[in-house]
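Written out below as structure tokens is the structure these notes cover.
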Amino acid sequence: MSARFSLGIDLGTSNSAVAVDDFESGRTAIVEITQLLGPNQIGEKPTLPSALYIPHPEEFPEDALRLPWLKVNDSVIVGHFARDHGALVPDRLITSAKSWLSNFHIDPKKPVLPWKSDIKEQKLSAFDCSRRYLEHMKEGFLYAERAQGHAWNLSEGQIVLTVPASFDEVARNLTGAAAEAAGFGKVVLLEEPQAAFYAWTAQAGSDWRNQVTRGDVVLVCDVGGGTADFSLIAISEKEGNLEVERISVGEHILLGGDNMDLALAYTLQAQLEAAGKSIDSGSFSH
């Protein structure tokens, strides 16, 4: 059976998003994801911050954090409220979990996040976090679409999930397994720089064929929250049609926006200390 629709998921280090392409109606849209914006406050946003907050059992009133597709409160908070509230209680906040999937210093399935936290509640692994983000996007997508009169059966669609080109096979397999555990089934993994190139061709329309020709090599620079992908994409031709192929990728698997943030923070710390002010570098986290 051919797919009725395609669901594109950008599982980002800092933010995640979902887009749907309905093959029958021709509708293509970014889907706003239902999520917690505050206690007893549900709303839709075009992105889901890749942030997870582990609340203290007595921190919020009962049912104040219940999502509309759950019968009871979840044990964690995902999204905008997790990021905003977690900034006030960083010991309970998990961010950049995606970066830990490729960190060979830890077991990505070992519950060690939030990193170096002293909380008594159960910690989560990088794999757990990815699964929870994907699970939330799945439920948030289905809920928001139902509210607009669109009912989807995920088994009738093609699910495409982007991954950094610099991810190794372990991180790729873990991402695919997290999607399957979240209820998406088998997904197609698409490297982020290639996805960016395809997005450019879609934006340029048929004119993209006039801007690149057979034999060209295109450098795609994708600086994300946790990875910096520099990919070379070769333009070839088959049966009169231009085709693209990724032929090389950089190896900076743990270099990205997080590192830039830290570099700026340490630069600011040095400037403040030179001016006679002090700052606790322990507040800088991964």
task: Identify, by number, the condition in (1) closer than 23 Å to residue 6 by Cα; (2) part of a helix (DSSP H, G or I) that residue 171 doesn't meet.
output: (1)
field: Members of the range 175-205 that are modelled with pLDDT of 90 or more, over 19 Å from residue 229 (Cα atoms) and part of a helix (DSSP H, G or I)
entry: 176, 177, 178, 179, 180, 181
task: Could you grab the pairs with beta carbons closer than 6 Å, sequence gap of 6+ or different chains, first residue in the range 84-102 and within 17 Å of residue 126 (Cα to Cα), second one assigned to a helix (DSSP H, G or I) and at pLDDT below 90?
output: 96/258
- prompt: Does residue 226 fit the bill of being at pLDDT below 80 and either polar (S, T, N, Q) or in a loop (DSSP other than H, G, I, E, B) (or both)?
  reply: yes
message: Looking at the structure I just gave you, is residue 117 in contact with a helix residue (DSSP H, G or I) (Cβ under 9 Å, 6 or more places away or on another chain), of a type in the set (Gly, Ala, Ser) and at pLDDT 95 or above?
response: no
- request: Say whether the condition of being at pLDDT below 95, polar (S, T, N, Q) and not in a strand (DSSP E or B) is met by at least one residue in the range 76-95.
  value: no
query: For the range 3-19, does any single residue satisfy the condition of being small (Gly, Ala, Ser), in contact with a His (Cβ under 8 Å, 6 or more places away or on another chain), in contact (Cβ under 8 Å) with a residue 40 or more places away in the chain and buried (at least 20 other Cβ atoms within 10 Å of the Cβ)?
result: no
field: Test: residue 161 is in contact with a strand residue (DSSP E or B) (Cβ under 9 Å, 6 or more places away or on another chain), surrounded by 19 or more Cβ atoms within 10 Å (Cβ to Cβ), of a type in the set (A, V, I, L, M, F, W, C) and within 26 Å of residue 67 (Cα to Cα)
entry: yes
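The values are calculated or read from the model by the stated rules, or taken from the named source; none is laboratory data. The structure presented is a predicted model; accordingly, all values stated were derived computationally and were not measured. Backbone-built Cβ (ideal geometry, glycine too); neighbour counts: all protein chains shown.
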